[in-house]
Amino acid sequence: MQNETTYGNGLFQIIKGVALALALSFLGVVALANALRFFSLSETAVYPINQLIKCVSIAIGSLAFIRGEKGFLKGGGAGVLFTFLSYLAFSALGGDFSLSWLILIELLFTVLIGAIGGAVAVNLRRR
């Protein structure tokens, strides 16, 4: 079991996980945009698919980089940071920074998925 001695070590784990999640999310959204060019998906399907991409991305980011103790908290923190940074990045790309209640749902999902991913990652590495 890795002994976490500094606060910075846990913060660095969160940042690395969020960076991976953002990269995966961006790649997923680009793949979705290309799929929309070739397949006729309804507009109502785009939002749930986008949320699935983001949830899978934060789960992978948490599983890949969260170590040590307090995986649930680190993963939840990664979910919060991911939601904030992905909102900024995708709003900048789209040119629309308007907020809606949907951001709260996204925050809830990413925190929950990140926390579960972090808890699983910490417990998998103990064995």
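Annotations for the structure displayed:
- The numbered conditions (1) surrounded by 17 or more Cβ atoms within 10 Å (Cβ to Cβ); (2) among the small types (Gly, Ala, Ser); (3) in contact (Cβ under 8 Å) with a residue 60 or more places away in the chain; (4) in a helix (DSSP H, G or I) are all true for Ala89 except (1).
- Counting residues in region 51-71 that are loosely packed, with under 15 Cβ neighbours inside 10 Å, free of Cβ contacts under 8 Å to residues at least 40 places away in the same chain and more than 18 Å from Asn123 (Cβ to Cβ) gives one or more.
Every residue, every condition in (1) of a type in the set (S, T, N, Q); (2) under 13 Å from Phe109 (Cβ atoms); (3) modelled with pLDDT of 90 or more, yes or no:
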{"residue": "Phe26", "(1), (2), (3)": "no, no, yes"}
{"residue": "Leu36", "(1), (2), (3)": "no, no, no"}
{"residue": "Thr44", "(1), (2), (3)": "yes, no, no"}
{"residue": "Gly61", "(1), (2), (3)": "no, no, yes"}
{"residue": "Leu88", "(1), (2), (3)": "no, no, yes"}
{"residue": "Gly94", "(1), (2), (3)": "no, no, no"}
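For (1) of a type in the set (A, V, I, L, M, F, W, C); (2) in contact with a His (Cβ under 9 Å, 6 or more places away or on another chain); (3) part of a helix (DSSP H, G or I), each residue gets a yes or a no:
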site	(1), (2), (3)
Gln13	no, no, yes
Gly28	no, no, yes
Ala33	yes, no, yes
Ser40	no, no, no
Pro48	no, no, yes
Val56	yes, no, yes
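The values are calculated or read from the model by the stated rules, or taken from the named source; none is laboratory data. All values reported here derive from a predicted model rather than from experimental measurement. Because the Cβ atoms are built from the backbone with ideal geometry, glycine has one as well, and the counts that use them run over all protein chains shown.
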